[in-house]
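Here the structure is laid out as structure tokens; the discussion comes afterwards.
No lab work stands behind these numbers, since they all come straight from the coordinates. Fair warning: this is a prediction, and the values are worked out from it, not measured in the lab. Cβ: placed from backbone, ideal geometry, glycine included. Neighbour counts: every protein chain shown.
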Amino acid sequence: MSDIARIVSEIAEEMRQRPDRGDVATYIPQLARVDPNAFGIAVVDAAGNVAAAGDCEVPFSIQSISKVFTLTLALGKVGEGLWTRVGREPSGSPFNSVVQLEYEHGIPRNPFINAGAIAVTDVILSGHQPREALGEILRFMQFLSDDRSIYIDEAVAKSEKATGFRNIALANYMKSFGVLENPVDFTLGVYFHHCAIAMSCRQLAMAGRFLAMHGFNPTTGCPVVPDGRARRINAIMLTCGHYDGSGEFAYRVGLPGKSGVGGGILAVAPGKASIAVWSPGLDATGNSHLGRIALERLTKAMGWSIFGA
Ligand code: GLN
């Protein structure tokens, strides 16, 4: 057994036994049904070896982790012009905060808070029907993971649509400033559905490889994005990927990472590995409690922190 495989199974076993599991998100009713005892981890290294343990094959709701991929698509579509629609500074506020938008005239702080991700979705949607835009996002995930079985969990999308009053408010507010080009319903429909993509840790770690490998998809050997763009997406993941918990995540884990309220985290060790963890219980900042602890254990054991071993 390789070192990584041994460490990954030790971490899974340790996390399975821990009593402190955080609280599963309940504001999207369908997410509240998930087993809080689940824990999965998958690591794909630079050579393409996969080390995975626990519930690594169980699909979960990736939620805000999808925002890394919609950001990638939007940058591909409109290039650096995207930054006139959304900023790239950490927000220091919760993911669904309303106050900052008013101060900043409807321009969201960064592409990973909800308002920013809704604006990014709007960019992808322009010129397309919602169904086409959503198809493009889903196919991108399937292509990156090299796995056609990745799907959208309609029950989760419906559940969020029925209760997503805060996101509806954020989107309408941005629309009033002219930040959204498309009908609010259309943009939100695509947003709720891409948040409802279901993937396993293994699929997600595969999808993150291009960020760890200088923009390349190792399966095809072709670039997904230029090297410089992968570096910049990683920078935004490091500074904004965990909302007002981003500083703590950088301090403890030392890797670019993106969390979702489904309890997943995608983390990138540049040049070394793409890592996905999943534990549904969240901490007070809405990030996976055990997911972060597991990543802290992994980066320490492997010496993978970008700030030094
Ligand atoms: N779909 C969720 C929402 O908009 C995503 C939030 C998250 O994962 N942090 O509220």
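As a length-normalised measure over Cα pairs under 8 Å and 6 or more apart, the relative contact order of the chain settles at 26 percent.
For Glu57 and Glu104, the FRET efficiency from 1/(1 + (r/R0)^6), where r spans their Cβ atoms and R0 equals 25 Å, is about 0.05. Each label point was placed 7 Å from the Cα along the Cα-to-Cβ direction; for Ser176 and Asp147 their separation is 4.2 nm. The fewest-to-most ranking of Thr239, Thr70 by surrounding Cβ atoms within 10 Å reads Thr239, Thr70. Footprinting exposure proxy ranking of Trp304, Trp83, Trp278, fewest other C-beta atoms within 10 angstrom first, gives Trp83, Trp304, Trp278.
Beyond 31 Å between alpha-carbons counts as too far, so tell me which of Lys158/Lys300; Lys77/Lys272; Lys158/Lys272 fall in that bin. Checking Cα-Cα distances, Lys158/Lys300; Lys158/Lys272 exceed 31 Å.
Annotation: the residues His242, His128, His289, sorted from fewest to most other C-beta atoms within 10 Å of their own C-beta, follow the order His128, His289, His242.
In plain terms, the chain from Arg166 to Lys77 could stretch by 29.3 nm, reckoned as 0.36 nm per residue minus the Cα-Cα distance.
Each label was represented as a point 7 Å from its Cα along the Cα-to-Cβ direction; for Arg131 and Ala47 these points are 4.7 nm apart. With the simple model of a label 7 Å out from the Cα in the direction of the Cβ, Glu154 to Glu248 spans 3.8 nm.
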